[in-house]
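Presented below is the structure to which this report refers.
The values are calculated or read from the model by the stated rules, or taken from the named source; none is laboratory data. As the structure is a prediction and not an experimental result, all values here were calculated from the model. Heads up, the Cβs are rebuilt from the backbone with ideal geometry, glycines too, and the neighbour counts pull from every protein chain shown. Side chains included, ligands, DNA and RNA excluded: accessible areas come from the protein's heavy atoms. Shrake-Rupley method; radii C 1.70, N 1.55, O 1.52, S 1.80 Å.
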Amino acid sequence: MGVNAPWGNSETEAALPSCRPPEEESLPVSRQGNGMPPQANFAPHFFDNGAGSTNGNMALFSLPEDTPVGSHVYTLNGTDPEGEPISYHISFDPSTRNVFSVDPNVGSITLVEELDREKEDEIEAIISISDGLNLVAEKVVILVTDANDEAPRFIQEPYVVLVPENTPPGSSIFKVHAEDKDTGSGGSVTYFLQNLHSSKFTMDRHSGVLRLQTGATLDYEKSRTHFITVVAKDGGGRLRGADVMFSATATVTINVEDVQDTAPIFVGTPYYGYVYEDTLPGSEVLTVVAIDGDRGKPNHILYRLLNESDGIFEINETTGAISVLQSPAQLRREVYELHVQVTEVNSPGSPGAQAMVPVTIRIVDLNNHPPTFYGESGPQNKFELSMYEHPPQGEILRGLKITVNDSDQGANAKFNLRLVGPGGIFRVVPQTVLNEAQVTIIVENSAAIDFEKSKLLTFKLLAIEVNTPEKFSSTADIVIQLLDTNDNVPKFTSPYYIARIPENSPGGSNVVAVTAVDPDTGPWGKVQYSIYGTGSDLFLIHPSTGLIYTQPWASLDAEGTSRYNFYVKAEDMDGRYSLAEVFVTLLDVNDHYPQFVQSIQEKTMVLGTSVKIEATDQDAEEPNNLVDYSITRAEPINVFDIDAHTGEIWLKNSIHSLEALHNITPSGDYSWSLQVQAKDRGSPSFSTTALLKIDITDTETLSRGSMAAFLIQTKDNPMKAVGVLAGVMATVVAITVLISTATFWRNKKSNKVLPVKRVLRRRPSPAPHTVRTEWLKFRRTKAASKFILKEDTPNENCNNSSAQITVPPRAPALPQPPKMASSTKQTVPTVSGSITLQSPQELPKPKPLEGSIQSSLVSELKQKFEKKILDNKAYF
């Protein structure tokens, strides 16, 4: 049925039936406009898809209560006959919750409120469909189905039960009840006990009846209350897609009711009483206490003694107090055994329960005597003893005669013994004494009994009662005088000793004093010293003082041996000894003069290079062996400079040519005599002077002949020239042998006798002579003097020749072919000199250069080589 009414008219919605047949919903509604005749418009309607469908008109729709909020639960579905767009709506009674929401366009219904079947098991709603003109509304009921979301809940809590202790086993005691609001298996409840194995009770799982287990009994005297935990569990069910089961617990308190079924009980057993020697007759000794075993409703108790003990003791029948009737001095026994009986007072006609307990009463002496120490002559509080140090472990100090006694009786005569003083040295036996004992002291730590550490050991022997309130005690002094033994080894104050003495120390000089200490006393503490070892030959030691000194005949020399080491021994009278090492270092003294390398030496100096002199000092250490050089005398004085550290001598920078030398030389030659001094840096300082003769030449002169240059280079080392010549000859011989051998083997292979042919070949013209650069090395010195010889223009220093000096002929320079070599003689300045050690005095005047050159072996060799070269040139 179509209804033209606005959305939300509750009266109209209420008047509409919840379900209408389609033909009723199709009543037309007239439309008219634009001059056209009116047309019928049929109302939209829902599809009815029946129960179990998730779309349609929600007919017979049900929803589980555990459906999550926000879930899509249903889709409204309908149609409009004219095909007009339709919209969906859902509404609820204003007094209820809006549980669902709907999408008006697609009809999707969403859960917006949480469901709870236990509170609301069905939901009424009005759904409607509209095409804009017609609105059709239906009332629907949504069933909320159960989910297992409720736990069982006990009712009528708390559970407290009073049960007599004589309840028969298997009897029902109590019934519990729990409810579960869920339906089905989730609402069924079963019961059981949480601690089934440790309980005296059992539970019927279906009815919840609590019973006393078969064979179990209750006892008020043992346990007055029992706490039982009961668990109620549902049958389980689905919740949010999972199988769940809920349970609840409740505590049942069972109070046991007392019944008269227990005999009296004694409190504070066992019973011991003491009668002291000063106790008065009629004094109370102790009280026996008994109570009814049934504490719920206790009966009164009566006391009595079963044995009267000869009238010595009595008991109060109501209080249980036992008293002594006689004086302790009259008692003949030390211990009395009594038996006390108690009886419950029941109602008349019923017998009372009884019980018995033994009571021990001891006659005790008063604790009025402290422990006392005794010596051989009576009471004594000081004991003395002399003994050697380090006695054997476990040895008994037999010199001590000590007895300890306590005159009291029983527990009053029991006391402990201990030593008070340095711990762990001695121990006392026995440690616990009853009445009296002989005291024995035993060595516990022999190493601690050391005469060198303590000559007197003092202890206190303490005796103190053990179980008495007075704790009486007494002490005795133990004084032990130690006697020394030879138990120590002499020990040096240092494991090694270092000494330094000058090398010029005379024989018998003190070196170092060593000290060793022996803590022993008397003859055992005296130390004897001795030395031994490979380095001890030059030294002696005083046997008593330990002073080390040199042998009377010893002559020390740091240049020979600068360090000595040996061992010193410290020994006591029993042969116990220790060692120490001694290191003696000789301090160098400046006792050597510098010495030049050669006694006679000649030097040739090429312009622009230097010559070197060298002196050595045999002292062992710096600065005594460091040498400084200086020129002490030269004529003229401003020609040479010398390096004070290396001994190199060179011409001053202002002199560049032989001509400059010629102008400043008084005799016009090129030979100088210098007085050179070598001085060490010691204190006091020593020096030595030497005479050095220097011949000076230049590179032009050397370039005029390679042989001359070689001879000049090897002038200071003749063996070098001999070695070079021997090498050349050996090379020529080797080449000759090789050529001869090759020729022999060639002729032998050809098996032919070759004619002897003599081929005369003309020697080729020699190339212009070129002077090569050579490096001169002086092997006898560490620093090498290097120089380079270069070709200069000829006849540069021709004017340096002197008319009065006879110069041997020399080879002229090679002429240009085809001219013959010139025979013009030129002067070759050479140097020959010597070094002569002299005492510091005035230098002699230099001799003419002519005599030195003619007498020189170098000059003769040079002339022979030059003559041979001239003969060869003449041949060509």
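Among the residues of region 362-380, those that are exposed (fewer than 13 other Cβ atoms within 10 Å of the Cβ) and in contact (Cβ under 8 Å) with a residue 12 or more places away in the chain comprise Asn368, Glu376. Whether any residue in region 258-278 is open to solvent by 20 Å² or more (accessible area, probe 1.4 Å), farther than 26 Å from Val160 by Cβ and acidic (Asp, Glu) is what I want to check. Yes: region 258-278 contains one or more residues that are open to solvent by 20 Å² or more (accessible area, probe 1.4 Å), farther than 26 Å from Val160 by Cβ and acidic (Asp, Glu).
Of the residues making up region 382-409, those that are open to solvent by less than 40 Å² (accessible area, probe 1.4 Å) and either assigned to a strand (DSSP E or B) or within 25 Å of Val335 (Cβ to Cβ) (or both) number 9. From the residues in region 90-106 that are of a type in the set (A, V, I, L, M, F, W, C) and closer than 18 Å to Phe61 by Cα, which one is surrounded by the fewest Cβ atoms within 10 Å (Cβ to Cβ)? So the residue we want is Phe92. State yes or no: is Ser562 within 22 Å of Glu621 (Cα to Cα) and either touching a residue at least 12 places away in the same chain (Cβ under 8 Å) or out of contact with any Asp or Glu (no Cβ under 8 Å at 6 or more places or on another chain) (or both)? So Ser562 fits the description; yes. Across region 181-196, the qualifying residues are those that are open to solvent by less than 20 Å² (accessible area, probe 1.4 Å) and not small (Gly, Ala, Ser), and the one among them that is modelled with the lowest pLDDT is Asp182.
Here Arg500 clears all of (1) closer than 17 Å to Glu571 by Cβ; (2) within 45 Å of the chain's Cα centre (by Cα) except the condition numbered (1).
Exactly one condition in (1) more than 20 Å from Thr372 (Cα to Cα); (2) open to solvent by less than 20 Å² (accessible area, probe 1.4 Å); (3) in a loop (DSSP other than H, G, I, E, B) is false for Gly424; which is it? It fails just one condition, (2). Those strands (runs of 3 or more DSSP E) of region 430-491 in which 1 or more residues are of a type in the set (Val, Ile, Thr) and surrounded by 17 or more Cβ atoms within 10 Å (Cβ to Cβ) occupy 432-434, 436-443, 473-483. Exactly one residue out of Ser199, Ser172 is in contact with a Leu (Cβ under 8 Å, 6 or more places away or on another chain), of a type in the set (S, T, N, Q) and loosely packed, with under 13 Cβ neighbours inside 10 Å: that is Ser172.
Against the definition (surrounded by 15 or more Cβ atoms within 10 Å (Cβ to Cβ) and either not hydrophobic (A, V, I, L, M, F, W, C) or not in a strand (DSSP E or B) (or both)), how does Gly282 come out, yes or no? In short, no.
The condition of being modelled with pLDDT of 75 or more, open to solvent by less than 60 Å² (accessible area, probe 1.4 Å) and within 30 Å of Glu503 (Cα to Cα) holds for only one of Ser671, Ser610, Ser683, Ser687, that being Ser687.
Counting only residues that are part of a strand (DSSP E or B) and hydrophobic (A, V, I, L, M, F, W, C), which one in region 348-381 is nearest to the chain's Cα centre (by Cα)? Once the filter is applied, the top-ranked residue is Phe373.
Residues in region 228-243 that are in contact (Cβ under 8 Å) with a residue 12 or more places away in the chain, in a strand (DSSP E or B) and not charged (D, E, K, R): Ile228, Thr229, Val230, Val231, Ala232, Gly237, Leu239.
Please work out if Gly522 is open to solvent by less than 30 Å² (accessible area, probe 1.4 Å) and either touching a residue at least 24 places away in the same chain (Cβ under 8 Å) or in contact with a helix residue (DSSP H, G or I) (Cβ under 6 Å, 6 or more places away or on another chain) (or both). No: the conditions fail for Gly522. Please find, within region 67-89, the residue that is nearest to Ala147 (Cα to Cα) out of those that are open to solvent by less than 30 Å² (accessible area, probe 1.4 Å) and of a type outside the set (Gly, Ala, Ser). Restricting to residues being open to solvent by less than 30 Å² (accessible area, probe 1.4 Å) and of a type outside the set (Gly, Ala, Ser), the top hit is Thr67. Look at (1) within 30 Å of Pro371 (Cβ to Cβ); (2) without any contact (Cβ under 8 Å) to a residue 24 or more places away in the chain and you find that Ile478 fails only one, number (2).
Please go through region 447-475 and pick out each residue that is in contact with a Pro (Cβ under 6 Å, 6 or more places away or on another chain) and either modelled with pLDDT of 90 or more or under 21 Å from Pro371 (Cα atoms) (or both). Before the answer, list the steps.
Within region 447-475, the subset in contact with a Pro (Cβ under 6 Å, 6 or more places away or on another chain) is 452, 463, 472, 474.
Within region 447-475, Ala463, Phe472, Ser474 meet the criteria.
When only residues in region 479-520 that are out of contact with any Pro (no Cβ under 6 Å at 6 or more places or on another chain) and small (Gly, Ala, Ser) count, which is farthest from Ser454 (Cα to Cα)? Lay out the reasoning, then the answer.
First pass over region 479-520, keeping only residues out of contact with any Pro (no Cβ under 6 Å at 6 or more places or on another chain): 479-487, 489-506, 509-515, 517, 519-520.
Remaining after also requiring small (Gly, Ala, Ser): 494, 499, 505, 509, 513.
Numbers: Ser494: 25, Ala499: 37, Ser505: 47, Ser509: 42, Ala513: 30 Å.
Going through the qualifying residues, I end up with Ser505.
Please enumerate the residues belonging to region 425-462 that are farther than 30 Å from Asp518 by Cβ, in contact (Cβ under 8 Å) with a residue 24 or more places away in the chain and under 52 Å from the mean Cα position of the chain (by Cα). Scanning region 425-462 gives Val428, Thr432, Thr440, Ile441, Ile442, Lys460, Leu461, Leu462. Of all residues assigned to region 245-253, none qualifies as being modelled with pLDDT of 90 or more, in contact with a strand residue (DSSP E or B) (Cβ under 7 Å, 6 or more places away or on another chain) and farther than 30 Å from Ala178 by Cα. Being part of a strand (DSSP E or B), surrounded by 16 or more Cβ atoms within 10 Å (Cβ to Cβ), touching a Phe, Trp or Tyr at 6+ places or on another chain (Cβ under 7 Å) and among the aliphatic types (A, V, I, L, M): is that true of Ile109 here? Yes, satisfied.
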